[in-house]
Amino acid sequence: MGSAPRRAGHAGVGHSRGAAGRRRYRRRGDRPGGARPLCRHPATAPEVSTQPGFFHVVYTTRALRRFRSDPVPDEVLFQLFDAAIRAPSGQNAQDWRFIIVRDRRVKERMQEWALQAWQRYAERFPDIDSLPRSQRLSLRSVEHLARNFSDVPVVVIVCGLRGRHTTPGGSIFPAVQNMLLAARALGLGGSIFNLALGDRETLRQLLGIPESNEIFCALPLGYPSDRHGPVRRKPVKDVVFEERWGQRWAFAQAQPDEGWQARWLPAEEG
Ligand SMILES: Cc1cc2nc3c(=O)[nH]c(=O)nc-3n(C[C@H](O)[C@H](O)[C@H](O)COP(=O)(O)O)c2cc1C
């Protein structure tokens, strides 16, 4: 086994910036996790001083599909979009377009599609209650969202120019992930939920989306009633090769299967 995982604040990772670096952050007013408001309108900017650090956010951003009824304020939504649009896109095209949907009539139509898709999908799992806990909970949360989609506080529909890029979605999903990470950092939850896109053509007409644009995904967002993370994934050693396909990376082999999340999460979240 290699170096033992350590908690955030003690690990070398993320703490290598010297005094000069710290001074640079202070001058620019964008110190990570710092107490300063993010914009010139502190009265309306989301509170940033208590936010989790970058790696905490990454290790705890999981698909959350149950929401409280609290509305999502515009200044919080704005912060999510302002993070989304910092993402890269091919040729810097920035052809992403986002539609904020709060209209219950539209959400009800999407709920119909989600429910139909869920019922088809659920046929694969005749006895959900006998499945392993994590799979069971995940499927139950999908079902919950399909049945309650019209109650979701905000749904963001993400579009992009049809045929604009050689890697479809490659110039859209980086922005989507920025948005989900920003949502988690501000205490919101969400997920990509394309079960609700069963009839894209009708949705296009309902929302006036031009033919030139493709609908890439739907993001239901809100303050979650389930808890954030931690996110469980296959270990690095199983998915990263060194130099050649299939050749194990010795460094990863020596790391714990759960990765280094213990460095960044308080014990009760790990
Ligand atoms: C392109 C894409 C489409 C997805 N579509 C759905 C969907 O239709 N319904 C759903 O419940 N989750 C959907 N998800 C979310 C994944 O199921 C989820 O990210 C994955 O199961 C990991 O969940 P976790 O982060 O909670 O561990 C989608 C994710 C991606 C990237």
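Which of Asn194, Leu131, Cys159 sits closest to the plus end of the dipole of the range 51-228, meaning its Cα is farthest towards the positive end, when Lys and Arg get +1 and Asp and Glu get -1 on the C-beta?
About the Cα centre, the residue reaching furthest to the positive side is Leu131.
Could you give the size of the charge dipole of the range 132-270 about its Cα centre, using +1 on the Cβ of each K and R and -1 on the Cβ of each D and E, expressed in debye and rounded to the nearest 20? Walk me through the numbers before you get to the answer.
Numbers: 17 positive and 14 negative charges, 43 e Å.
The dipole magnitude comes to about 200 debye.
Please work out how much length the chain gains when fully extended from Glu242 to Arg86, using 0.36 nm per residue of separation minus the C-alpha to C-alpha distance, in nm with one decimal.
On the way: separation 156, 0.36 × 156 = 56.16 nm, distance 3.09 nm.
So the chain would gain 53.1 nm between Glu242 and Arg86.
Stokes-Einstein D for the range 51-228 at 10 °C, 1.306 mPa s, Kirkwood Rh over Cα pairs, in µm²/s? Before the final figure, lay out each step's value.
On the way: Rh = 16.9 Å.
So the translational diffusion coefficient is about 94 µm²/s.
Using θ = phi - 60° and the Karplus form 6.51 cos²θ - 1.76 cosθ + 1.60, what ³J(HN,Hα) does each residue of the range 99-106 get, whole Hz, x for Gly and Pro?
Couplings: 10, 7, 10, 10, 5, 4, 4, 5 Hz.
Can you tell me the FRET efficiency between Ile99 and Ala250 if r is taken as the Cβ-Cβ distance and R0 is 30 Å, rounded to the nearest 0.05?
Numbers: r = 48 Å, r/R0 = 1.59.
Rounded to the nearest 0.05, the efficiency is 0.05.
For the range 51-228, give the percent of accessible area contributed by carbon and sulfur heavy atoms, probe 1.4 Å, rounded to a whole number. Don't skip to the answer; put the middle values down first.
On the way: 4420 of 8860 Å².
Within the range 51-228, the accessible surface is 50 percent carbon and sulfur.
Please give the per residue accessible area of the range 51-228, computed with a probe of 1.4 Å over protein heavy atoms only, in Å². The partial results should precede the final answer.
Details: 8860 Å² over 178 residues.
Roughly 50 Å² per residue, with all protein chains present.
Protein chains only, probe 1.4 Å: how do Ser225, Ser69, Ser89 rank by accessible area, largest first?
Values: Ser225 70, Ser69 105, Ser89 20 Å².
The ranking, largest first, comes out as Ser69, Ser225, Ser89.
Taking every pair of Cα atoms in the range 113-162, average 1/r, invert it to obtain the Kirkwood radius, and report Rg/Rh to two decimals. Please report the intermediate quantities before stating the final value.
Working: Rg = 13.6 Å, Rh = 12.5 Å.
Reported Rg/Rh, Kirkwood definition of Rh: 1.09.
Amide H neighbours of Asn213 under 5 Å, at least 5 residues apart or on other chains, H built in the peptide plane: list them.
Arg162
Ranked by accessible surface with a 1.4 Å probe, highest first, in what order do Glu243, Glu75, Glu211, Glu123 come?
Numbers: Glu243 170, Glu75 75, Glu211 120, Glu123 145 Å².
Accessible-area ranking of Glu243, Glu75, Glu211, Glu123, largest first: Glu243, Glu123, Glu211, Glu75.
Averaged over all directions, how much area does the convex hull of the C-alpha atoms of the range 68-121 cover when projected, in nm²? All intermediate terms of the calculation are to be shown ahead of the outcome.
On the way: hull surface 23.7 nm².
About 5.9 nm², averaged over all directions.
Give the long-range amide H neighbours of Phe67: residues separated by 5 or more places, or on another chain, with amide H under 5 Å away, using H modelled in the peptide plane at 1.01 Å from N.
It is Ser225, by chain and number.
Would you rank Ile157, Ile99 by solvent-accessible area, highest first, keeping every protein chain in place and using a 1.4 Å probe?
On the way: Ile157 0, Ile99 45 Å².
If we order Ile157, Ile99 from most to least accessible, we get Ile99, Ile157.
Starting from 0.36 nm per residue, how many nanometres of slack lie between Arg227 and Asp74 once their C-alpha separation is accounted for?
Working: separation 153, 0.36 × 153 = 55.08 nm, distance 2.30 nm.
Result: 52.8 nm gained on full extension.
How much length, in nm to one decimal, is gained on full extension between Ala122 and Arg162, taken as 0.36 nm per residue of separation minus their Cα-Cα distance? Numbers along the way, then the final one.
On the way: separation 40, 0.36 × 40 = 14.40 nm, distance 3.12 nm.
Going from the current span to full extension adds 11.3 nm.
The values are calculated or read from the model by the stated rules, or taken from the named source; none is laboratory data. Here the structure is a predicted model, which is why all the values come from computation and not from measurement. Positions of Cβ are generated from backbone atoms using ideal geometry, with glycine treated the same way; all protein chains shown enter the neighbour counts. Note: areas computed on protein heavy atoms with side chains; ligands, DNA, RNA excluded. Shrake-Rupley method; radii C 1.70, N 1.55, O 1.52, S 1.80 Å.
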